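What follows is a short report on a single structure.
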Amino acid sequence: MSLLPPDTTLDTLDWVTRQRWTALQRLGLLTLEDLVRHYPRRYEDRRKFDRFPDYASESSVCLFGVVKKTSYRRFGPRRIFELTLEDEEAGVLSSPLVCRWYNMPWVQKMIATENRLVVFGKPRLRSRQIVMEHPEFEVIEDDAEASMHFDRITPVHPAGDGVPVKVLREYIHRALDVTDLAAIPRLWPDPADTNPLPLDIWRSIHFPQSLEEAEIARVQLVRDVFFGVQLQLAYRRSRVKNSGGLARPGTGHLWKKVEDALPFDLTPSQQEVMAEISADMASPHRMNRLLQGDVGSGKTLVALRAMIQAHESGHQAVLMAPTQILAEQHYLNFRRILDPLGIPVTLRTAARQEGTPDADGTLPGLFSESAPQGPPLVVGTHAVLFEKTTFENLGLVVIDEQHKFGVLQRSRLIARADAPDVLVMTATPIPRTITQTLYGDLDVSILKAPPAGRGKILTALRDTSKLPDIIAFIRTETTAGRQAYIVYPLIEESEKLVAKAASAEYEKWRELLAPATVGLVHGRLDAESKDAVMRDFRSGRISVLVATTVIEVGVDVPNATIMLIEDAARFGLSQMHQLRGRIGRGAAKSYCILLHSGAADANLEKLQVLEKTSNGFDIAEADLLLRGPGDILGTEQTGMPALGLGDLLRDAEIMTEARRAAQDLLLRDPELLDPEHSHLRAYLAKNEPQQDSVSG
Ligand code: ADP
Ligand code: MG
């Protein structure tokens with residue numbers, strides 16, 4: 001029998017029925033290669049089953065037994081199918097297990113007494129009986145094919161409606177037999193190996209003799225996937241670099257004025273990073289750079305330095321912030337520095353155009369784009385970048401707080417016809433492996449140390465019984481002229497509810513803290529009201545701000561020295577670290593109080609990390625361990641590539657290695673013109689992210 005090419009579609013095979021084909025399509029399985037690459041989600045060692053449990057447990061067990069009794073009954077609106085499973089080998093030495101399914105009539109049709117059954121699930125205690133509810137199950141038949149399903153390490157593949165696990169297993173087994181596996185190329189070019197992935201890898205991942213064998217195969221496959229990811233990133237990086245950039249060396253004369261006027265010296269970290277960025281902009285290659293720096297490390301000034309260099313080079317520069325509040329803050333900040341020097345800056349946000357009165361009720365100066373001073377510096381919100389507003393002669397885009405800005409938006413930005421230099425800034429410390437994966441197409445600059453002379457932030461966990469002391473403390477501090485934040489958790493889906501809760505709490509605090517002035521800010525306020533409150537807080541007219549996490553990023557009020565975080569256990573560590581960065585910005589000592597509801601709080605231990613360290617990267621690593629990558633990056637973060645069987649934590653080293661290998665390869669063959677690399681070109685073409693182009 002001759003082998004079939006991997007791209008053979010499954011509907012052409014006589015062993016795939018029409019109905020199954022429809023179901024397979026729903027699972028995204030169209031070709032033989034899709035089947036071969038449809039990896040098990042776990043394995044069951046069906047040579048040696050777990051013992052029937054006497055206790056309830058949180059970990060799943062895999063059991064094998066014979067169905068002794070079945071029953072079907074109604075209980076109110078519920079239809080319950082129940083069976084008793086007996087461990088044949090242990091006999092009377094073990095008590096039988098009850099399995100129960102609610103409202104799943106089809107299960108009953110699949111199981112009969114005396115069937116041999118494998119079940120997988122968590123044993124629970126229900127009315128003094130050990131019960132499994134809705135276990136995964138498989139009926140074992142004594143036919144010739146039983147060897148594939150039983151008495152071996154058995155793969156359990158992600159199945160779906162119309163293709164049960166068992167059928168899928170048979171299909172994959174068959175696919176391994178009929179597919180020309182040598183035609184599946186390997187991406188990671190390993191000179192010691194032949195081009196295809198080792199052929200036995202496929203059988204090892206699906207039908208291993210041992211779990212060790214499966215793991216060896218998994219690592220091989222992960223290496224290949226990671227290499228693909230990194231190749232794509234490295235390739236995109238080199239494409240952007242060579243996509244119509246301009247040299248924007250600046251003259252240095254305006255920046256000199258700015259620097260001379262600053263009330264402090266730049267930190268060595270700032271100088272180092274500014275030099276990197278400046279050189280990058282001066283080169284004819286296009287800049288595409290990530291600036292990472294913990295909260296309060298002084299990124300804004302680095303951004304300003306870059307913007308002024310663009311300006312000096314005769315180009316417009318724009319700084320984009322994720323929120324109205326931040327955009328306005330940057331704008332006022334810039335004006336304070338730039339106005340005396342006569343350097344124009346304008347504000348563009350969705351709600352307020354330049355010309356709206358600012359903090360002191362004065363109108364900001366208007367500078368048209370043909371003003372003699374040259375093209376202006378612009379501050380705006382992320383949204384503005386994609387509005388019709390055309391920028392003329394745009395030379396630099398700085399994106400503040402990149403983690404609020406999706407990867408896809410970034411690629412739209414890159415696609416702009418005017419090919420501006422791009423600098424993205426993030427305060428979210430990101431574990432290295434994630435940076436490599438998510439931002440692998442960017443060059444990276446890191447602000448290592450914050451400006452000296454900052455007040456210390458003392459962080460302490462307190463349970464709610466300590467509230468009276470805390471209130472007294474806030475009173476004392478505000479009476480002494482300091483300011484405080486009181487923060488409530490915001491769960492995205494119920495923003496409305498949280499806003500309501502925050503409003504109620506606001507009333508409570510107003511009474512508790514009177515005569516201190518208390519303000520309220522949350523995401524549901526309209527932009528005008530939000531602005532007004534923030535302005536009052538910044539100017540000191542409000543001394544306590546009750547807020548949701550809208551204040552998380554960037555807000556800079558040096559006189560604020562207290563932060564009380566309510567219900568702290570509900571926040572992620574990195575998020576609280578961000579929040580905490582709102583205080584400790586002046587020279588005075590600051591206090592961050594994490595309120596929790598007592599020792600019963602399961603997350604107490606995690607909160608202690610914040611008491612112990614103020615290093616954002618350590619906190620991010622702890623968060624990664626506690627919650628996994630998805631949570632750290634937040635829901636806004638799209639664009640994490642599919643990693644197949646890979647795991648960012650477990651396979652971190654492979655990712656680093658893959659990155660190096662991909663970069664080496666592109667150094668040798670930047671356009672992948674070597675015929676030996678044609679499969680890589682095909683891979684890149686297939687995986688290029690879809691993007692709508694944006695006109696400049
Ligand atoms: P972030 O990196 O979180 O965006 P900012 O740029 O807002 O931090 O800076 C935080 C504060 O530190 C601001 O008040 C800023 O004026 C101040 N700052 C920046 N650079 C220095 C410096 N070299 N020395 C002292 N203070 C600085
Ligand atoms: Mg900032």
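Before moving on, here are some points about what is shown:
- Helices (runs of 4 or more DSSP H) within the stretch 545-635 that include 3 or more residues at pLDDT 85 or above: 573-580, 604-612
- Pairs where the first residue, in the stretch 65-85, is touching a residue at least 12 places away in the same chain (Cβ under 8 Å) and outside any strand (DSSP E or B) and the second is aliphatic (A, V, I, L, M) and surrounded by 12 or more Cβ atoms within 10 Å (Cβ to Cβ), C-beta under 9 Å, 6+ apart: none
- Pairs with Cβ under 7 Å, 6+ apart, first in the stretch 299-325 and under 13 Å from Thr426 (Cα atoms) and within 11 Å of ligand 2 (Cβ to nearest atom), second open to solvent by 20 Å² or more (accessible area, probe 1.4 Å) and in a helix (DSSP H, G or I): Thr300/Asn333; Pro322/Lys404
- Qualifying position, being within 17 Å of Glu312 (Cα to Cα) and at pLDDT 75 or above, among Pro372, Pro376: Pro376
- Looking across the stretch 528-544, the residues that are part of a helix (DSSP H, G or I) and touching a residue at least 60 places away in the same chain (Cβ under 8 Å) come down to Glu528, Lys530, Asp531, Met534, Arg535, Arg538, Ser539.
- Tally of residues being touching an Asp or Glu at 6+ places or on another chain (Cβ under 6 Å) and open to solvent by 20 Å² or more (accessible area, probe 1.4 Å) across the stretch 295-346: 1
- Of all residues making up the stretch 73-84, the number that are within 29 Å of Thr154 (Cβ to Cβ) and either modelled with pLDDT under 90 or in contact with a helix residue (DSSP H, G or I) (Cβ under 7 Å, 6 or more places away or on another chain) (or both): 1
- If you go through the stretch 508-528 and keep only what is at pLDDT below 90 and open to solvent by 40 Å² or more (accessible area, probe 1.4 Å), you end up with Ala514, Pro515, Arg524, Leu525, Asp526, Glu528.
- Residues that are open to solvent by 10 Å² or more (accessible area, probe 1.4 Å) and not in a helix (DSSP H, G or I) within the stretch 165-185 comprise Asp180, Pro185, listed in sequence order.
- Enumeration of residues in the stretch 513-557 that are more than 30 Å from the chain's Cα centre (by Cα) and within 16 Å of ligand 1 (Cβ to nearest atom): Phe537, Arg538, Ser539, Gly540
- Under the condition of being away from ligand 2 (no atom under 16 Å from the Cβ) and within 21 Å of Gly440 (Cα to Cα), the residues counted in the stretch 259-277 number 1.
- Failed item, numbered, when Leu3 is tested on (1) over 27 Å from Arg126 (Cα atoms); (2) of a type in the set (A, V, I, L, M); (3) open to solvent by less than 70 Å² (accessible area, probe 1.4 Å): (3)
- Residue in the stretch 280-291 that is closer than 20 Å to Val379 by Cα, within 11 Å of ligand 1 (Cβ to nearest atom) and open to solvent by 10 Å² or more (accessible area, probe 1.4 Å) present: no
- When residues of the stretch 550-568 are limited to those that are open to solvent by 10 Å² or more (accessible area, probe 1.4 Å) and not charged (D, E, K, R), the one farthest from ligand 2 (Cβ to nearest atom): Asn559
- Looking across the stretch 450-475, just one residue is more than 26 Å from Ser597 (Cα to Cα), surrounded by 15 or more Cβ atoms within 10 Å (Cβ to Cβ) and away from ligand 2 (no atom under 16 Å from the Cβ), and that is Gly455.
- Out of Ser59, Ser94, sole residue that is closer than 30 Å to Val222 by Cβ, of a type in the set (S, T, N, Q) and touching a residue at least 24 places away in the same chain (Cβ under 8 Å): Ser59
The values are calculated or read from the model by the stated rules, or taken from the named source; none is laboratory data. These numbers come from a predicted model, not from an experiment. With ideal geometry, Cβ positions are generated from the backbone for all residues, glycine too; neighbour counts draw on all protein chains shown. Note: accessible area is taken over every heavy atom of the protein model, side chains too, but ligands, DNA and RNA are not part of it. Shrake-Rupley method; radii C 1.70, N 1.55, O 1.52, S 1.80 Å.
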